[in-house]
Amino acid sequence: GAPTPPATAAAAVVVLDEGSASVLYGVNGDAPLAPASLTKIATAIVALEHGDLDRRVVVDVDSRVMRGSTVMGLIPGDEFTLRDLLYGMMLPSGNDAALAVGRAVSGSDAAFVVEMNALAERLGLRDTHFVNPHGLNAPGHVTTARDLALLSRYAMSLPEFGAVVSATAYAARGSRTIEVANVINDVLYSIPGGDGVKSGFTRQAGRTLV
């Protein structure tokens with residue numbers, strides 16, 4: 001009596017039952033692929049587990065040199081809370097904010113990536129390896145549809161994460177105000193019960209979605 005699975009042209013798909021983590025539907029769920037900005041799900045988890053969201057951060061990232069990249073709009077010297085940066089990373093998919101988050105939490109990009117991979121190991125994501133906090137293409141930066149589903153299942157158990165990814169807009173009020181909107185508002189507005197999570201795109205990865 002199960003409904004027919006929807007037709008999809010995606011290279012890989014996993015539909016996971018939240019309660020049991022059972023796979024209800026899958027196509028190439030264990031194929032290693034580039035995740036693009038779905039990487040930021042892991043970045044947000046590490047920030048929530050290891051960072052003080054009310055801590056004020058002085059930014060050293062310059063979005064103006066990140067041409068062709070989705071950004072929050074940060075410039076060096078900006079001062080925002082870690083919470084502001086989290087919204088700026090997850091809603092407009094700010095690659096600049098992802099770098100700022102990682103450096104605020106761990107001190108450097110490399111140290112933060114160590115924490116991301118430790119998270120993947122802790123959650124049993126055997127086919128996942130991170131190289132950066134934002135998901136721009138890099139050799140060895142891969143995951144799978146199954147691992148992303150498990151990662152997101154864990155992320156949504158964190159109340160603050162759910163609050164961020166279900167928001168349609170946010171105003172970061174730091175040393176100046178930056179207003180951001182959620183790039184998946186079409187999902188949040190059009191799918192009954194939709195409460196997140198993240199989309200991504202690079203030419204190598206194609207379009208990605210949790």
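Data overview
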| read-out | value |
| --- | --- |
| Accessible surface of the chain [probe 1.4 Å, protein heavy atoms]: carbon and sulfur percent | 53 percent |
| Mean Cα-pair separation over length for the stretch 1-144, i.e. relative contact order, pairs under 8 Å, 6 or more apart, % | 25 percent |
| Two-site FRET efficiency, Glu18 against Leu188, from Cβ-Cβ distance with R₀ of 22 Å, rounded to 0.05 | 0.80 |
| The stretch 154-198: relative contact order as a whole-number percent, Cα under 8 Å and 6+ apart | 34 percent |
| Selection from Leu123, Asn95, Leu53, by position along the positive dipole direction of the stretch 1-149 (Cβ) | Asn95 |
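The values are calculated or read from the model by the stated rules, or taken from the named source; none is laboratory data. A quick note: this is a predicted structure, and the numbers were derived from the prediction, not measured. FYI the Cβ positions are ideal-geometry reconstructions off the backbone, even for glycines, and counts take in every protein chain you see. Each accessible area value is taken on the protein alone, full model and side chains, heavy atoms only, with ligands, DNA and RNA left out. Shrake-Rupley method; radii C 1.70, N 1.55, O 1.52, S 1.80 Å.
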